Amino acid sequence: MQITMLGTGSAFAKKYYNNNALVETDGCRLLVDCGITLPTALHKKGLQFDALDGVLISHMHGDHVGGLEEYAFQMLFKYGRKPLLYIADTLVEPLWEQTLRGGLTQGDLTSLEDFFVVKPLVPGQYYTLAPDLKVKLIQTKHIPNKDSYSFLFNDSFFYSADMKFDGELVMQLIENGVTTVYHDCQLEQPGMVHATLDELLTLPEDVQKKVWLMHYGDAMDDYRGRTGLMRIVEQGVAYSV
Ligand SMILES: O=c1ccn([C@@H]2O[C@@H]3COP(=O)(O)O[C@H]3[C@H]2O)c(=O)[nH]1
Ligand SMILES: [Zn+2]
Ligand SMILES: [Zn+2]
């Protein structure tokens with residue numbers, strides 16, 4: 001599979017778009033998260049919303065779901081169809097009731113299902129989204145009492161949601177055959193709700209070799225050469241994973 005980050009920035013970054021990705025396999029183009037800046041980032045990439053097969057959501061923060069209203073409206077009123085929405089079963093109701101309902105409700109359009117073909121996913125179970133694309137949701141810690149899910153693709157590629165550092169999980173994933181980890185990375189301390197660069201630098205070198213950093217702040221250029229053996233995911237570049 002191929003992955004291109006449409007954005008690699010933190011929620012408050014201004015040099016980079018929100019940390020949202022395009023995952024591509026033969027016959028499937030999946031958006032991973034759809035933040036506030038996604039409509040612009042997609043446009044700059046030369047793509048329109050109807051080029052996407054669907055979207056997979058990690059959690060309910062604006063840099064991950066803030067572009068869904070435009071996605072839904074464009075698909076209904078411009079392209080006349082509903083996109084696939086893959087989301088943890090626990091997030092279906094909050095997404096509608098707490099995030100989208102106010103903007104999308106009108107006339108007979110009163111539910112999430114009026115805009116999306118909703119595919120609730122049970123965390124911990126594997127789902128085949130396309131012939132070469134399997135995904136499992138793994139709940140990871142981010143904000144107290146706010147569910148957040150990272151993604152394990154094809155048993156080999158781990159894509160972190162926004163998450164606090166969990167070295168044990170990363171080590172366990174690598175032991176179980178994961179070859180590439182894309183991890184959110186907050187450059188400065190204290191981490192609070194994200195893994196910090198200093199925390200990620202405590203991973204053993206053989207693990208660091210498999211880790212790529214994303215969801216970073218505008219100061220990332222100052223940190224080049226200071227990320228140990230971990231590499232930086234560049235916005236807009238397609239990588240095979
Ligand atoms: O308890 C909190 C909740 C949020 N925040 C900030 O708001 C941002 C929301 O998006 P994010 O999850 O990418 O990053 C978060 C942080 O930058 C925080 O520092 N502490
Ligand atoms: Zn975020
Ligand atoms: Zn978040």
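Some values worked out for this structure:
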{"item": "Residue count, segment 17-37 (criterion: out of contact with any His (no Cβ under 6 Å at 6 or more places or on another chain) and within 13 Å of T4 (Cβ to Cβ))", "result": "11"}
{"item": "Residue selected from segment 1-30 under the condition in a loop (DSSP other than H, G, I, E, B) and within 14 Å of ligand 3 (Cβ to nearest atom), by the criterion surrounded by the most Cβ atoms within 10 Å (Cβ to Cβ)", "result": "N19"}
{"item": "Those residues of segment 31-58 which are at negative phi and within 12 Å of ligand 3 (Cβ to nearest atom), in sequence order", "result": "G35, I57, S58"}
{"item": "For F77: the one exception among (1) at pLDDT 95 or above; (2) away from ligand 3 (no atom under 16 Å from the Cβ); (3) touching a strand residue (DSSP E or B) at 6+ places or on another chain (Cβ under 8 Å); (4) not β-branched (V, I, T)", "result": "(3)"}
{"item": "Conditions (1) under 16 Å from the mean Cα position of the chain (by Cα); (2) in a helix (DSSP H, G or I); number of the one not met by M163", "result": "(2)"}
{"item": "Failed criterion for L173 (all others in (1) buried (at least 19 other Cβ atoms within 10 Å of the Cβ); (2) assigned to a strand (DSSP E or B) hold)", "result": "(2)"}
{"item": "Some residue of segment 114-131 being within 21 Å of H59 (Cβ to Cβ), of a type in the set (D, E, K, R) and either free of Cβ contacts under 8 Å to residues at least 12 places away in the same chain or crowded, with 19+ Cβ neighbours inside 10 Å (or both)", "result": "no"}
{"item": "Residue that is within 16 Å of ligand 1 (Cβ to nearest atom), in contact (Cβ under 8 Å) with a residue 24 or more places away in the chain and over 19 Å from S58 (Cβ atoms), where the choices are L213, L201, L197", "result": "L197"}
{"item": "Number of the exception - Q208 against (1) of a type outside the set (A, V, I, L, M, F, W, C); (2) on the phi < 0 side of the Ramachandran plot; (3) buried (at least 20 other Cβ atoms within 10 Å of the Cβ)", "result": "(3)"}
{"item": "Flag for G67 being surrounded by fewer than 23 Cβ atoms within 10 Å (Cβ to Cβ) and either modelled with pLDDT of 95 or more or among the polar types (S, T, N, Q) (or both)", "result": "no"}
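The values are calculated or read from the model by the stated rules, or taken from the named source; none is laboratory data. Owing to the predicted nature of the structure, the values given are computational and were not obtained by experimental measurement. Because the Cβ atoms are built from the backbone with ideal geometry, glycine has one as well, and the counts that use them run over all protein chains shown.
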